Each structure stands twice: as structure tokens, then as C-alpha cells.
Amino acid sequence: MSKRKSKDSSFTNGECISQVQRILRERFCHQHSNGKLFGVEPQYKHLLELLKRTIFHGESNSALIIGPRGSGKTMLLNHVLKELMEIKQVKENLLQVHLNGLLQTNDKIALKEITRQLSLENVVGDRVFGSFAENLAFLLEALKKGDRDSSCPVLFILDEFDLFVHHKNQTLLYNLFDISQSAQTPVTIIGLTCRQDILELLEKRVKSRFSHRQIYLMNSFDFKQYLKIFKEQLSLPAEFPDKSFTQKWNKNVQHLSEDKTVQDVLQNHFHHSKDLRSLHMLLMLSLCGRTVSHPLITASDLLEASKMCRMDSKANIVHGLSVLEICLIIAMKHLNDVYEGEPFNFQMVYNEFQKFVQRKAHSVYNFEKPVVMKAFEHLLQLELIKPLEGPSVRAQREYLLMKLLLDNNQIMDALQVYPNCPTDVKQWATSSLSWL
């Protein structure tokens, strides 16, 4: 009987952990925050007021949300839209068009996407008919027919706004801003960008039609608030089915936030980058290791996750190289030291390798030149070295100038953990240049 009970409890515990992982992963991966925003209250009020004036008073407008990547531009906009969507009138009437500069790479694609999302009359199913000029004329006519009292307000959200600026003649931006300046259908254009100089990129005719409203986000919160965000992002909501597990989990999160080791890890992250995405990555990595036998996150989990976040990807590539490739990298390191960072070619690297082989013939096999060339090309494919000239330069492969993309510390750190590295090779890497 007791065995069956323990089986049931472990199953429930397993279910709880999988649900915790699902809830928290959703929170970390999507731009939805479960709590209030930190340090952006003025920007939040400004944007909310702007959209309310469009929805309730029929005012057309335009604004740019500017801030570095991960500063919460999308999250701020989602918060404002979430609050507005709780109002019945807004939910029924507001039309939203979401465009992204990475997806809508030219005005033609962007216009087709607008007509598709607005479900205009020239759409059959998901296909849009007509040329670019016809579609544009159709869209403008549809928007200009309306008036500020009876028409549904339209909200255009342009993510990666700076990429739309590079479209030919900025036709789409010109027409959208032009409509937002007229007293027809209420239209608001919100652009999201990380370019501080975005206004300099706009054409004169486009700039003159833009309202010059700019909302800046700079992650202005301090470490105390960062710690609060950490607790809030990791805590389970009150509506989680298993109340006792919720209590245990949230109590553990509280203890973690007071732990000196955890605070040091978070302090390092905070000073490295205030970007909340890096915090989410740290929490995601520590969340992934939860099991029935190890259900709660510990300080050592966060420390391990922090090491993984900071892991040097190039040094990791070096761990997987052959001894010959390691020798070539060490030869390049010595050439860099001798010639003070000047570029080198394959022949110079091969000569250095040959000198080493002649001195230590018993520890490293003397490979033939074509084999060494193949290893050199593999380093080029892995982007550990890069050519200085383009592929159009006519020169023999052996004499193309190259540059090493690893510094001395990365090479030495990688050698320390390289499995079964010959002692002579390690000594060669650390040796002074007197033998050259």
C-alpha cells in the first residue's frame, strides 16, 4: 500500500515539474511578463495615452519606440495592448497590423501582408490579387474613405522599423505617415527599432509627415529591481493546481534571492548586460535540469547555468580539433607573437610546424604537406582563421594571407582542458620565443 502511495506521489511530483517547466518556458520565451514593468512607467503611460486618443477620439498619430535589443520594447507594447484589449469597445473595433522588417523585405510583400491582415475585399482566402500599384491604391482608398467618428481605428506595428527605411523610395512609410497626418480613418503607426539615428535615415518628405514622438527605453532599473525581476520571473502563479508545491517552489525562490552565491551570479549578469533575455537564458538553463529527484533550483544550478551562458564558443570548437590542427593553431600563435599580429600564410605556418616536428619527432607524427593543408582548410571552414583578401584575389592557396581569430588566452584555456593533449605540444604553446 505504502509503495503504491509513494508511486502516486512521485507521479504527481513529475506532473508538477513538467507543468512548472511549461509555464516558465512560455514566460521566458515569449514577450509576456506576468508582473508589472520595471523602470518604464512614464513610457508606458505615454504609449497608453497615445493609443487611447486614437481609439476613443479618432486622432491619427505616429511614434517610435527606441532602445537596445532586449530592453523590453515589444514587452512594453504587449502590456499596453493587453490593457486596452480588456476594454470591450477596443476589442471589438481596433484593427491591428503587425509587420516585421525581417519578414516583409520589400514594400510589395509588406502591402500584401497589410491587405491580408485587414481582410480587404481583394483577398480570397489567404491570397492577395492585383499589382503593387493597384494594391496600394486600393489600400489608400479604403483608408481615406473613412472618417474619424465612424471608422474603426487601425494600428500599424512595424517591428525592425529601420529595415523598412531601406525599402525603395520609402513608399510604404511615406503613404502610412501621410494617412496618419490626414483627418480620415484614425491610424497610428508604432515603429520599434534599436537604431538611435533612425530619424537621419528617413527621407525629407517622410520625416516631415512623422510626428517626431520618440519613446526611449534604456533598462534604467538598478540591481535591487533586477533581483525583484528575478524573483517575479521564477515564481509560480497563485492559480497553479498544486498549492503545496507552489508554496515550496516560491519559498525556495525567495531563499535563492537571499543567497550570497546567487546574488554574486546575478550581479555578474547585471553588470555584463541588463538585457532581460540574458536573465531568461540563465533561468531557462537552470530550469531544464529539474527532475523528480531534484525538483527545486539550487544555487549550484544557477552557478552552472551561468558558466554555460558565459562559455566561449570558439574555445569549445578548439576542444574538438585534432592534434595536428591544434599544432597549426599554436604555430599561428607563435607567428602572431613574433610578427606582432601581422597576417600569415599557410607556408609560414607549415614552416613553423616543421621546426617543431624536427625538434620533437618522437611525440608528433610528421604529416605530409597535403594533409597539413587539409587541416588548415578545416580551420578556415570553422572560422577560426579568416582570409584578408576576397576569393577573387588570384594567388596560390599556400600564399593567401590569413588572420587568426583566437587570442592567446583562448588558446591556452582550451589546451588546459583538451583531452589527451601531448605534453610536448602543451610545452610548445607555453614556451618563450628564444628557440625560434
Item to check | Candidates per trypsin sites (Lys or Arg not before Pro) in region 251-298, loop by DSSP, up to 15 other Cβ within 10 Å | outcome: none
Next on the checklist: With the cut-off at 1.5 for a/c, could you classify region 208-258 from its C-alpha gyration tensor as rounded, prolate or oblate?
Outcome noted: oblate
Checklist outcome for this item: Rounded to a whole %, the carbon-and-sulfur portion of the accessible area of the chain at a 1.4 Å probe is 52 percent
Checklist entry - Percentage of Cα-Cα pair distances in region 221-346 greater than 23 Å, rounded to whole percent? => result 48 percent
Checklist entry - At a Förster distance of 56 Å, what's the computed FRET efficiency of Arg205 paired with Ala238, Cβ-Cβ distance as r, to 0.05? => result 0.60
Checklist entry - Taking H as built 1.01 Å from N, whose amide H comes closer than 5 Å to the amide H of Asn61, not counting residues under 5 places away? => result Val187, Thr188, Ile189
Item to check | Projected label distance in nm at Asp178 and Arg359, using a 7 Å step from Cα toward the beta-carbon | outcome: 7.3 nm
Next on the checklist: At R0 = 51 Å, how high is the FRET efficiency between Val338 and Glu304 if r is their beta carbon distance? Nearest 0.05 is fine.
Outcome noted: 0.80
Item to check | Crossing angle, helix 299-310 versus the chain [Cα axis fit, 0-90 degrees, rounded to tens] | outcome: 80 degrees
Next on the checklist: Residue by residue through region 201-215, what is 3J(HN,Hα) from phi via Karplus (6.51 cos²θ - 1.76 cosθ + 1.60, θ = phi - 60°)? Round to whole Hz and write x for glycine and proline.
Outcome noted: 7, 6, 5, 4, 5, 6, 4, 5, 9, 8, 6, 6, 7, 10, 10
Checklist entry - Among the lysines, which have Cα under 28 Å from the Cα of Lys88 when same-chain residues fewer than 8 positions away are ignored? => result Lys36, Lys45, Lys52, Lys73, Lys144, Lys145
Checklist entry - Using 0.36 nm per residue, how much length does the chain from Gln267 to Lys168 gain when fully extended, once their Cα-Cα distance is taken away? => result 31.1 nm
Item to check | the chain, dipole about Cα centre (Lys/Arg Cβ +1, Asp/Glu Cβ -1), debye to the nearest 20 | outcome: 860 debye
Checklist entry - Let a ≥ b ≥ c be the square roots of the eigenvalues of the Cα gyration tensor of the chain; is it rounded (a/c under 1.5), or, if not, prolate (a/b larger than b/c) or oblate? => result oblate
Item to check | Accessible area expressed per residue, region 315-431, with surrounding protein chains retained (probe 1.4 Å, Å²) | outcome: 55 Å²
Item to check | Average Cα contact separation per residue, region 315-431, under 8 Å, 6 or more apart, as relative contact order % | outcome: 37 percent
Checklist entry - Using +1 on the beta carbon of Lys and Arg, -1 on that of Asp and Glu, and nothing else charged, what's the dipole of region 222-309 about the Cα centre, debye to 20? => result 60 debye
Next on the checklist: How far apart, in nanometres, would the label points at Glu398 and Met85 be if each is projected 7 angstrom from Cα along the Cα-to-Cβ direction?
Outcome noted: 6.6 nm
Checklist entry - So for His294, His280, His255, what's the accessible-area order with a 1.4 Å probe, most first? => result His255, His294, His280
Next on the checklist: I'd like to know which of Phe177, Leu111, Asn100 lies farthest towards the positive end of the charge dipole of region 39-216, counting +1 on Cβ of Lys and Arg and -1 on Cβ of Asp and Glu.
Outcome noted: Phe177
Item to check | region 326-341 - phi-based ³J(HN,Hα) in whole Hz, Karplus 6.51/-1.76/1.60, Gly and Pro as x | outcome: 4, 4, 5, 5, 5, 4, 5, 4, 5, 4, 4, 5, 5, 9, 6, x
Checklist outcome for this item: Cross-link reach from Lys108 to aspartates and glutamates, straight Cα distance under 13 Å and at least 8 residues apart if same chain, gives Glu134
Checklist entry - For the chain, what does -39500 (n - 2.57) per DSSP helix run (n ≥ 4), summed and divided by total residues, give at 222 nm, in deg cm²/dmol to the nearest 500? => result -17500 deg cm²/dmol
Checklist entry - Which whole-number percent gives the relative contact order of region 212-276, counting Cα pairs below 8 Å spaced six or more residues apart? => result 37 percent
Checklist outcome for this item: PRE zone check, label point 7 Å out along Cα-to-Cβ of Leu382, amide N under 18 Å, scope region 302-330, hits 311-330
Item to check | Net lengthening on full extension, Met412/Leu95 (0.36 nm per residue, minus Cα-Cα) | outcome: 108.3 nm
Checklist outcome for this item: Contact order relative to length for the chain, counting C-alpha pairs under 8 Å separated by 6 or more residues, stands in percent at 16 percent
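If you count only protein heavy atoms with a 1.4 Å probe, what accessible area per residue comes out for region 222-309, rounded to a whole Å²? Write down the numbers at each step before the final one.
Values: 4550 Å² over 88 residues.
That works out to 52 Å² per residue.
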Checklist entry - Which peptide among 185-193, 300-308 comes first, and what is the full order, when sorted by highest mean count of other Cβ atoms within 10 Å? => result 185-193, 300-308
Checklist entry - For Tyr339, Tyr365, what's the largest-to-smallest order of accessible area, 1.4 Å probe? => result Tyr365, Tyr339
Item to check | Difference of contour (0.36 nm per residue) and Cα-Cα distance, Arg195 to Phe132 | outcome: 19.8 nm
Next on the checklist: Positive end of the dipole of the chain, charges at C-beta (+1 Lys, Arg; -1 Asp, Glu), about the Cα centre: which of Thr188, Leu400, Phe56 has its Cα farthest in that direction?
Outcome noted: Phe56
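Say R0 is 45 Å: what FRET efficiency, to the nearest 0.05, do Phe223 and Asp424 get from their beta-carbon distance? If you can, show how the numbers build up before the last one.
Details: r = 48 Å, r/R0 = 1.07.
Given R0 = 45 Å and the Cβ-Cβ separation, E is 0.40.
The values are calculated or read from the model by the stated rules, or taken from the named source; none is laboratory data. This structure is a prediction, so every number in the text was calculated from the model and none was measured. Ideal geometry is used to build each Cβ from the backbone, glycine not excepted, and the neighbour counts take in all protein chains shown. The area values use the complete protein model at the heavy-atom level, side chains included, leaving out ligands, DNA and RNA. Shrake-Rupley method; radii C 1.70, N 1.55, O 1.52, S 1.80 Å.
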